[in-house]
1. Whether any residue in the range 15-26 is touching a residue at least 40 places away in the same chain (Cβ under 8 Å), surrounded by 12 or more Cβ atoms within 10 Å (Cβ to Cβ) and touching a Ser or Thr at 6+ places or on another chain (Cβ under 7 Å) is what I want to check.
2. Hey, among the residues in the range 64-87 that are open to solvent by less than 50 Å² (accessible area, probe 1.4 Å) and in contact (Cβ under 8 Å) with a residue 40 or more places away in the chain, which one's nearest to Thr49 (Cα to Cα)?
3. Quick one: count up the residues across the range 34-56 that are out of contact with any Gly (no Cβ under 7 Å at 6 or more places or on another chain) and part of a loop (DSSP other than H, G, I, E, B).
Amino acid sequence: MRMPASLWGTGSGVTRALLDGAVDYAKSKGAKVIDGFPVDNQGDTIDRTLAYPGMRTIFDDAGFTPLGEVRGNHAGHKRIAMRRTFD
């Protein structure tokens, strides 16, 4: 299935919807925490084909807390470990 071109643009909300879905699924299965490893581009532009791990700002907005940098980089940008805990 091909996604409509309009969904590929930045700001379309697809990544946030996928992240919210992953969080909801983890919670429904009894998870106490969920970790992610997004790109921390620090506001720099990044080729969207290389942004598939997600961007830190989306994880920040979804209630994740940074844990620290991950070894190595992605597309010239650092990756960061982030965690969200559930009650």
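1. Checked against the condition, which is being touching a residue at least 40 places away in the same chain (Cβ under 8 Å), surrounded by 12 or more Cβ atoms within 10 Å (Cβ to Cβ) and touching a Ser or Thr at 6+ places or on another chain (Cβ under 7 Å), the range 15-26 yields no hits at all.
2. Checking each candidate, the answer is Ile80.
3. Going through the range 34-56 one residue at a time, the tally reaches 11.
The values are calculated or read from the model by the stated rules, or taken from the named source; none is laboratory data. Not measured: the values here are computed from a predicted model. Note: ideal-geometry Cβ built from the backbone for every residue, glycine included; neighbour counts use all protein chains shown. Calculation scope for accessible area: heavy atoms of the full protein, side chains included, ligands and nucleic acids excluded. Shrake-Rupley method; radii C 1.70, N 1.55, O 1.52, S 1.80 Å.
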